[in-house]
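Accompanying notes for the structure given below.
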Amino acid sequence: MKMRNDNRYRSFFVFLGTGFYSGYCPVAPGTAGTVVGIGFFWCFSQFPHLLYLITVLAFIFLSARIAEGAEEIFQKKDSPLIVIDEIAGFLVTMALIPWSWFNVGAGFFLFRFFDIIKPFPIRSIDKKLPGGWGIVLDDVAAGIYANIILQGLLHWI
């Protein structure tokens, strides 16, 4: 993808790709991006389950496009400034989970754990897929792992 030289176009990709600039946090930008994801989850958690799933799927597709554009602007593969993928991953973590501060906290820590350690096959997703899809789908996979654990945890509590 060739980025247009229009500053408004570039600003759009930077603003969204960095999770409303949370990716510029000097310490743990991925964690800061996940915090932004809590706000999205709060809004989306009001949706019926099917609408939530459709919205998150659309968000994943949009995130891949935004991440690819931001990566081209930053001229660095999977720049730590790009955190829209953490937002998408957190939304996957919280799929079909009711809103509560306990659930959000547990989902937050589980997602960050899987996103950081990247168990098989998460690490290979980022390396094998180019561009925005590589950036986003490893976080989606971490979100799936976290969601499965969270669903089990909530079932047994």
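The values are calculated or read from the model by the stated rules, or taken from the named source; none is laboratory data. Source: prediction; values computed, not measured. So basically every Cβ, Gly included, is an ideal-geometry build from the backbone, and we count neighbours across all protein chains shown.
Residues that are among the hydroxyl-bearing types (S, T, Y), out of contact with any strand residue (DSSP E or B) (no Cβ under 7 Å at 6 or more places or on another chain) and farther than 24 Å from Y24 by Cα: find the helices (runs of 4 or more DSSP H) completely inside the range 37-153 holding 1 or more of those.
Details: elements: 49-74, 84-93, 101-117, 122-128.
Filter on the range 37-153 gives 49-74, 122-128.
Exactly one condition in (1) surrounded by fewer than 18 Cβ atoms within 10 Å (Cβ to Cβ); (2) closer than 15 Å to I135 by Cβ is not met by L50; state its number.
It is condition (2) that L50 fails.
Inside the range 123-157, can you point out the residues that are farther than 21 Å from L53 by Cβ, surrounded by 20 or more Cβ atoms within 10 Å (Cβ to Cβ) and aliphatic (A, V, I, L, M)?
Residue satisfying the conditions is I135 alone.
Each row is one residue, and each column tells you yes or no for (1) touching a residue at least 40 places away in the same chain (Cβ under 8 Å); (2) surrounded by fewer than 24 Cβ atoms within 10 Å (Cβ to Cβ); (3) within 16 Å of the chain's Cα centre (by Cα).
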position	(1), (2), (3)
D78	yes, yes, yes
E86	yes, no, yes
G89	yes, no, yes
V92	yes, no, yes
P98	yes, yes, no
W101	no, yes, no
F108	yes, yes, yes
R112	yes, yes, yes
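Which residues, counting only those in the range 28-65, are under 18 Å from I125 (Cα atoms) and in contact with a Gly (Cβ under 7 Å, 6 or more places away or on another chain)?
A64, R65
Restricting to the range 33-47, count the residues that are surrounded by 14 or more Cβ atoms within 10 Å (Cβ to Cβ) and either farther than 20 Å from F12 by Cβ or more than 16 Å from the chain's Cα centre (by Cα) (or both).
Kept after step one, since they are surrounded by 14 or more Cβ atoms within 10 Å (Cβ to Cβ), are these residues of the range 33-47: 33-38, 40-41, 44-45.
Subset that is either farther than 20 Å from F12 by Cβ or more than 16 Å from the chain's Cα centre (by Cα) (or both): 34-35, 38, 41, 44-45.
Number satisfying all stated conditions: 6.
Only residues in the range 4-28 that are free of Cβ contacts under 8 Å to residues at least 12 places away in the same chain count as the first member; pair them with residues that are part of a helix (DSSP H, G or I) and of a type outside the set (A, V, I, L, M), Cβ under 7 angstrom, at least 6 apart or cross-chain, and list the lot.
Within 7 Å, the pairs are Y21/F15.
One residue is enough: does the range 64-71 have a residue meeting the conditions free of Cβ contacts under 8 Å to residues at least 40 places away in the same chain and surrounded by fewer than 21 Cβ atoms within 10 Å (Cβ to Cβ)? Step through it out loud before you land on a result.
We begin by selecting, within the range 64-71, every residue free of Cβ contacts under 8 Å to residues at least 40 places away in the same chain; these are none.
Scanning the range 64-71, I find no residue that is free of Cβ contacts under 8 Å to residues at least 40 places away in the same chain and surrounded by fewer than 21 Cβ atoms within 10 Å (Cβ to Cβ), so the answer is no.
Aliphatic (A, V, I, L, M) and under 20 Å from F114 (Cβ atoms): which single residue out of I82, I73, I54 fits that description?
On the way: I73 fails: under 20 Å from F114 (Cβ atoms); I54 fails: under 20 Å from F114 (Cβ atoms).
Going through I82, I73, I54 in turn, the sole match is I82.
Could you pull out the residue among K118, K77 that is within 30 Å of N7 (Cβ to Cβ) and modelled with pLDDT under 95? Walk me through it before giving the result.
Numbers: K118 fails: within 30 Å of N7 (Cβ to Cβ).
None of the other options fit; the residue is K77.
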